[in-house]
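Let me begin by presenting the structure, written as structure tokens, before commenting on it.
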Amino acid sequence: MARILALDYGKLRTGIAVTDELQLIASGLTTVETKGLIAFLADYCEKEAVEKIVVGLPKQMDNTPSESEELIQPFLKKLSGRFPAMKIERQDERFTSKMAFQSMLDSGMKKKKRQNKAIVDEISATLILQAYLNRI
């Protein structure tokens with residue numbers, strides 16, 4: 001089997017998570033600057049078999065798209081243009097940043113490390129991917 005990647009897309013940086021080859025476990029991979037995201041994904045997909053990419057779907061509490069969705073739509077067009085054969089799916093990402101921060105607290109992570117937004121983005125991507133795995 002191939003891996004599944006998940007993205008917590010952001011204006012400046014994007015958190016990335018990946019499954020194992022059996023698609024059982026979601027793990028944080030890294031955080032990259034969003035401007036270099038397509039190049040990173042191209043390089044990663046050359047080295048690893050990737051079946052699909054799951055992109056977080058930011059929604060408001062009333063289920064309407066959040067403002068962030070306006071940034072994500074052009075990216076999705078670029079992504080599908082660069083990887084036309086790749087399945088791209090969406091996963092609700094409500095509360096992932098709060099859950100990521102809480103998991104950092106629960107794990108005893110020091111304050112200085114918790115302030116690193118890149119870590120929050122990577123954990124958020126992992127939560128998005130795990131939610132997706134739980135759903136399929």
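Every residue in the stretch 75-95 that is farther than 21 Å from Leu22 by Cβ and assigned to a loop (DSSP other than H, G, I, E, B), please.
Matches in the stretch 75-95: Phe83, Pro84, Ala85, Glu93, Arg94, Phe95.
Limited to the stretch 19-33, what total is found for residues that are without any contact (Cβ under 8 Å) to a residue 40 or more places away in the chain and not in a strand (DSSP E or B)?
4
Leu24 is checked against (1) over 15 Å from the mean Cα position of the chain (by Cα); (2) farther than 15 Å from Thr126 by Cα and fails just one. What number does that condition carry?
Just one mismatch for Leu24, condition (2).
So Leu41 fits all but one of (1) under 15 Å from Asp8 (Cβ atoms); (2) in contact with a Lys or Arg (Cβ under 6 Å, 6 or more places away or on another chain); (3) of a type outside the set (Lys, Arg); what number is the exception?
Among (1) under 15 Å from Asp8 (Cβ atoms); (2) in contact with a Lys or Arg (Cβ under 6 Å, 6 or more places away or on another chain); (3) of a type outside the set (Lys, Arg), Leu41 violates only (2).
Can you tell which of Ile16, Ile72, Ile4, Ile53 is β-branched (Val, Ile, Thr) and either part of a helix (DSSP H, G or I) or over 17 Å from Leu127 (Cβ atoms) (or both)?
Of Ile16, Ile72, Ile4, Ile53, the one residue that is β-branched (Val, Ile, Thr) and either part of a helix (DSSP H, G or I) or over 17 Å from Leu127 (Cβ atoms) (or both) is Ile72.
Would you pick out the residues in the stretch 1-37 that are within 22 Å of Asp92 (Cα to Cα), among the hydrophobic types (A, V, I, L, M, F, W, C) and surrounded by 12 or more Cβ atoms within 10 Å (Cβ to Cβ)?
Ile4, Leu5, Ala6, Leu7, Ile16, Ala17, Val18, Ile25, Ala26, Leu29, Val32, Leu37, listed by residue number.
Out of Lys110, Lys98, which single residue is more than 16 Å from the chain's Cα centre (by Cα) and either closer than 22 Å to Lys35 by Cβ or at pLDDT below 85 (or both)?
Lys110
For the stretch 33-64, which residues satisfy the criterion of being out of contact with any helix residue (DSSP H, G or I) (no Cβ under 9 Å at 6 or more places or on another chain) and farther than 15 Å from Leu7 by Cα?
Of everything in the stretch 33-64, those that are out of contact with any helix residue (DSSP H, G or I) (no Cβ under 9 Å at 6 or more places or on another chain) and farther than 15 Å from Leu7 by Cα turn out to be Asp43, Glu46, Lys47, Glu48, Ala49, Gln60, Met61, Asp62, Asn63, Thr64.
Going by the structure shown, is Ala39 part of a strand (DSSP E or B), under 25 Å from Lys117 (Cβ atoms) and modelled with pLDDT of 95 or more?
Against the criterion (part of a strand (DSSP E or B), under 25 Å from Lys117 (Cβ atoms) and modelled with pLDDT of 95 or more), Ala39 does not qualify.
The values are calculated or read from the model by the stated rules, or taken from the named source; none is laboratory data. Everything quoted here is computed from the prediction, not taken from an experiment. All Cβ positions, glycine included, derive from the backbone under ideal geometry; neighbour counts span all protein chains shown.
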